[in-house]
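Heads up, the thing below is written out as structure tokens.
The values are calculated or read from the model by the stated rules, or taken from the named source; none is laboratory data. Not measured: the values here are computed from a predicted model. As a convention, Cβ positions derive from the backbone with ideal geometry for all residues, glycine included, and neighbour counts pool all protein chains shown.
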């Protein structure tokens with residue numbers, strides 16, 4: 001069983017929902033990457049999504065785009081991302097790590113080399129934002145023998161047919177995009193998300209997480225009643241943006257802890 | 001003649017093209033694909049398109065034999081396909097008329113576009129005014145500064161121009177921003193992409209709407225010169241004017257097709273926008289194609305004197321034509337393009353766009369090496385009125 005599935009199984013037994021924070025590797029600095037991940041775990045994160053910086057992050061809003069720009073200014077590459085995961089793994093073998101990014105840096109490294117490096121580093125899942133199903137299948141065929149999950153997005157506009165296709169390909173969990181827009185927008189309709197998640201769960205074999213635009217504890221609390229996991233990204237990046245470099249991990253840890261307490265309040 | 005029917009159903013040109021977008025855009029793209037395939041073969045749609053091209057755009061555009069220029073070079077005869085005479089001054093309007101007609105049929109009241117030099121933005125603002133649609137144009141803040149006149153033209157036409165401050169603040173960032181707008185407003189918004197790039201069906205659709213250029217040439221060249229040209233040349237940024245004139249000629253294998261990219265300060269200098277000449281395959285803006293990227297797969301900043309060629313990618317069909325050898329791609333530097341620009345002004349009384357000046361410069365290079373009865377057909381894709389400030393500045397003149 002993959003580390004991701006084991007984590008969700010344990011959470012289900014405890015009747016808790018997964019809290020999945022996201023940040024971009026190299027933001028605010030490469031040096032603070034592992035301390036930030038450790039602070040997230042200490043604050044109550046169950047799984048960590050790491051953004052691979054890319055020069056043209058089409059599906060992201062301005063906040064995560066700025067995080068990418070800060071990382072790229074320091075020359076952070078996909079190699080650095082994988083090295084950061086290796087360093088994190090030296091101290092933490094339990095928390096799953098998912099890489100999220102765009103196709104081009106992965107293709108530039110080569111799919112096979114990327115899959116191999118992911119396995120060596122201890123990566124548990126990969127989400128390529130701009131891969132269509134055919135390309136994702138080709139990458140997935142390299143990841144699954146290495147026990148690495150393929151994570152996919154579904155959105156409010158996904159058709160039933162599409163949901164079935166993606167659900168059949170997904171391992172680990174499915175990431176439901178809770179609004180029409182880019183990351184960091186703020187117009188979530190909780191009742192609509194509940195209906196959509198139920199629709200996905202009727203065909204999915206894996207847990208369903210919700211993300212894009214979850215900015216406060218109240219929304220996280222409401223959505224954790226309907227989904228298996230809550231993904232928080234832009235809100236964390238904002239915290240990094242407004243903290244000093246040395247204080248960023250502590251500030252992020254405290255923020256995660258507030259989300260954690262809100263999500264566990266109804267247990 | 002071989003039948004050429006690229007792309008396949010999934011939008012692939014060999015290994016290039018495809019649909020590399022986030023799930024959040026898939027439904028919109030599927031809908032666009034369905035609707036376009038429906039109207040592509042619809043006689044009523046095609047009749048209206050032909051009517052608009054004739055009466056609104058001013059087609060067919062003539063072919064002009066540049067006799068003085070050809071004589072001065074002492075070799076092959078240079079003919080110009082005068083897309084610069086179209087309404088709004090470039091080939092871009094062919095595509096925006098087609099996409100606006102499609103947007104109307106899909107019930108979309110709002111159109112958005114990205115623009116570099118501003119020509120596509122102007123062409124989009126024009127059709128939006130023509131059809132009474134809301135129009136938002138995304139433009140890199142660097143380009144807004146460089147192309148102040150076109151920004152004002154778009155505003156006159158009723159469009160809202162949004163300066164984009166992210167990344168390199170140029171065309172590629174404007175495209176990212178337009179995609180983000182589309183994701184957010186997908187129900188009421190139609191995204192009019194200006195070149196033969198982006199996710200399927202855009203490369204095919206934009207090519208189809210511009211293919212009228214080459215279709216006209218196939219008829220006009222025998223009328224004018226008694227035969228088809230030996231070489232067809234066109235500048236390539238994203239590559240829409242080139243695909244427009246190339247497409248009908250692809251099955252005519254005796255006609256050489258030559259795409260001319262922006263060599264900037266020289267390909268060796270690293271300051272250029274020649275993705276086919278100097279790039280490597282990768283994925284950007286929804287398709288797999290040749291890109292200018294670094295060793296880590298990050299897109300690098302490009303340079304060209306012409307904002308319309310200043311783009312790190314290229315349409316996937318060009319990538320395929322390059323790999324198969326059906327078309328050849330070369331680069332022309334800023335200085336060579338400027339020289340061609342001034343030469344055409346003085347010898348033929350035609351002020352070409354700096355983009356088109358790249359194709360012209362390549363023709364001027366080749367003509368003296370060829371026989372007098374050979375023919376070079378250059379797609380003069382736009383007029384140079386928009387480039388006055390840039391050219392004057394290069395000559396040390398303040399307007």
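Does residue B:68 satisfy the criteria of being within 30 Å of residue B:225 (Cα to Cα) and either touching a residue at least 24 places away in the same chain (Cβ under 8 Å) or within 22 Å of the chain's Cα centre (by Cα) (or both)?
Numbers: within 30 Å of residue B:225 (Cα to Cα): yes; either touching a residue at least 24 places away in the same chain (Cβ under 8 Å) or within 22 Å of the chain's Cα centre (by Cα) (or both): yes.
Yes; evaluated as a whole, the condition is true for this residue.
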Here is a check on your reading of the model: is residue A:178 touching a strand residue (DSSP E or B) at 6+ places or on another chain (Cβ under 7 Å), within 14 Å of chain B (Cβ to nearest Cβ) and touching a residue at least 40 places away in the same chain (Cβ under 8 Å)? yes
Any chance the stretch B:89-108 includes a residue that's farther than 30 Å from residue A:130 by Cα, away from every other protein chain (no Cβ under 14 Å), under 16 Å from the mean Cα position of the chain (by Cα) and surrounded by fewer than 24 Cβ atoms within 10 Å (Cβ to Cβ)? yes
In the stretch A:118-146, what count of residues is obtained for those that are within 13 Å of chain B (Cβ to nearest Cβ), in contact (Cβ under 8 Å) with a residue 24 or more places away in the chain and crowded, with 16+ Cβ neighbours inside 10 Å? 9
Give the stretch A:3-25 a look and list any residue that's part of a loop (DSSP other than H, G, I, E, B) and more than 16 Å from the chain's Cα centre (by Cα), or say none. A:14, A:15, A:16
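Take the conditions in contact (Cβ under 8 Å) with a residue 24 or more places away in the chain and either surrounded by 13 or more Cβ atoms within 10 Å (Cβ to Cβ) or over 23 Å from residue B:245 (Cβ atoms) (or both) and apply them to residue B:47. Does it pass? Walk me through how you get there before you give the answer.
Values: in contact (Cβ under 8 Å) with a residue 24 or more places away in the chain: no; either surrounded by 13 or more Cβ atoms within 10 Å (Cβ to Cβ) or over 23 Å from residue B:245 (Cβ atoms) (or both): yes.
No; evaluated as a whole, the condition is false for this residue.
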How about the stretch B:158-175: which of its residues are within 20 Å of residue B:309 (Cα to Cα) and out of contact with any helix residue (DSSP H, G or I) (no Cβ under 8 Å at 6 or more places or on another chain)? B:172, B:173, B:175
Does the stretch A:106-116 contain at least one residue that is more than 9 Å from chain B (Cβ to nearest Cβ) and either surrounded by 22 or more Cβ atoms within 10 Å (Cβ to Cβ) or touching a strand residue (DSSP E or B) at 6+ places or on another chain (Cβ under 7 Å) (or both)? yes
Restricting the stretch B:3-12 to residues that are away from chain A (no Cβ under 11 Å) and touching a strand residue (DSSP E or B) at 6+ places or on another chain (Cβ under 6 Å), the residue that is nearest to residue A:174 (Cα to Cα): B:7
Among residues of the stretch B:151-175 being touching a residue at least 40 places away in the same chain (Cβ under 8 Å), at the interface with chain A (Cβ under 9 Å from one of its Cβ atoms) and buried (at least 23 other Cβ atoms within 10 Å of the Cβ), the residue nearest to residue B:302 (Cα to Cα) is B:172
Result of the Cβ filter at 6 Å on the stretch A:64-84, keeping first residues that are at the interface with another protein chain (Cβ under 10 Å from one of its Cβ atoms) and at pLDDT 95 or above and partners that are in a helix (DSSP H, G or I) and surrounded by fewer than 22 Cβ atoms within 10 Å (Cβ to Cβ), at least 6 apart or interchain, is A:78/A:109
Give the number of residues within the stretch B:310-329 that are within 23 Å of residue B:121 (Cβ to Cβ) and either in a loop (DSSP other than H, G, I, E, B) or modelled with pLDDT under 95 (or both). 6
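Need at least 3 residues that are more than 14 Å from chain A (Cβ to nearest Cβ) and over 30 Å from residue B:185 (Cβ atoms) per element, so show me which helices (runs of 4 or more DSSP H) inside the stretch B:13-80 make the cut, counting only ones lying wholly within it. Give the derivation first.
Details: elements: B:23-40, B:43-52, B:67-73.
By residue number, B:43-52, B:67-73.
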Can you name the number of the only condition in (1) surrounded by fewer than 24 Cβ atoms within 10 Å (Cβ to Cβ); (2) in contact (Cβ under 8 Å) with a residue 60 or more places away in the chain; (3) within 14 Å of chain A (Cβ to nearest Cβ) that residue B:280 fails? (2)
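Working carefully through the options B:296, B:287, find the one that is farther than 25 Å from residue B:341 by Cβ and part of a loop (DSSP other than H, G, I, E, B).
On the way: B:287 fails: part of a loop (DSSP other than H, G, I, E, B).
After applying the criteria, what remains is B:296.
Hey, any hits in the stretch A:185-202 for a residue that's in contact with a strand residue (DSSP E or B) (Cβ under 7 Å, 6 or more places away or on another chain), within 14 Å of chain B (Cβ to nearest Cβ) and in a loop (DSSP other than H, G, I, E, B)? Spell out how you get there, then give the answer.
Taking the stretch A:185-202 and keeping what is in contact with a strand residue (DSSP E or B) (Cβ under 7 Å, 6 or more places away or on another chain), we get A:193, A:196-197, A:200-201.
Retained after the next criterion (residues that are within 14 Å of chain B (Cβ to nearest Cβ)): A:196, A:200.
Still in the list and also in a loop (DSSP other than H, G, I, E, B): none.
Checked against the condition, which is being in contact with a strand residue (DSSP E or B) (Cβ under 7 Å, 6 or more places away or on another chain), within 14 Å of chain B (Cβ to nearest Cβ) and in a loop (DSSP other than H, G, I, E, B), the stretch A:185-202 yields no hits at all.
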Hits in the stretch A:227-255 - residues which are without any contact (Cβ under 8 Å) to a residue 60 or more places away in the chain and within 18 Å of the chain's Cα centre (by Cα): A:235, A:239
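Does at least one position in the stretch A:202-213 carry a residue that is farther than 27 Å from residue A:141 by Cα, within 16 Å of the chain's Cα centre (by Cα) and either surrounded by 22 or more Cβ atoms within 10 Å (Cβ to Cβ) or without any contact (Cβ under 8 Å) to a residue 40 or more places away in the chain (or both)?
The initial filter retains those residues of the stretch A:202-213 that are farther than 27 Å from residue A:141 by Cα, namely A:212-213.
Checking which are within 16 Å of the chain's Cα centre (by Cα) leaves us with A:212-213.
Adding the requirement that they be either surrounded by 22 or more Cβ atoms within 10 Å (Cβ to Cβ) or without any contact (Cβ under 8 Å) to a residue 40 or more places away in the chain (or both) leaves A:212-213.
Yes: the stretch A:202-213 contains one or more residues that are farther than 27 Å from residue A:141 by Cα, within 16 Å of the chain's Cα centre (by Cα) and either surrounded by 22 or more Cβ atoms within 10 Å (Cβ to Cβ) or without any contact (Cβ under 8 Å) to a residue 40 or more places away in the chain (or both).
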Candidates A:248, A:254, filtered to the one that is surrounded by fewer than 17 Cβ atoms within 10 Å (Cβ to Cβ) and closer than 24 Å to residue A:88 by Cβ: A:254
Those residues of the stretch B:240-275 which are farther than 12 Å from residue B:326 by Cβ, touching a strand residue (DSSP E or B) at 6+ places or on another chain (Cβ under 6 Å) and surrounded by fewer than 24 Cβ atoms within 10 Å (Cβ to Cβ), in sequence order: B:266, B:267, B:271
Read through the list (1) surrounded by fewer than 22 Cβ atoms within 10 Å (Cβ to Cβ); (2) within 11 Å of chain B (Cβ to nearest Cβ), then give the number of the only condition that residue A:93 fails. (2)
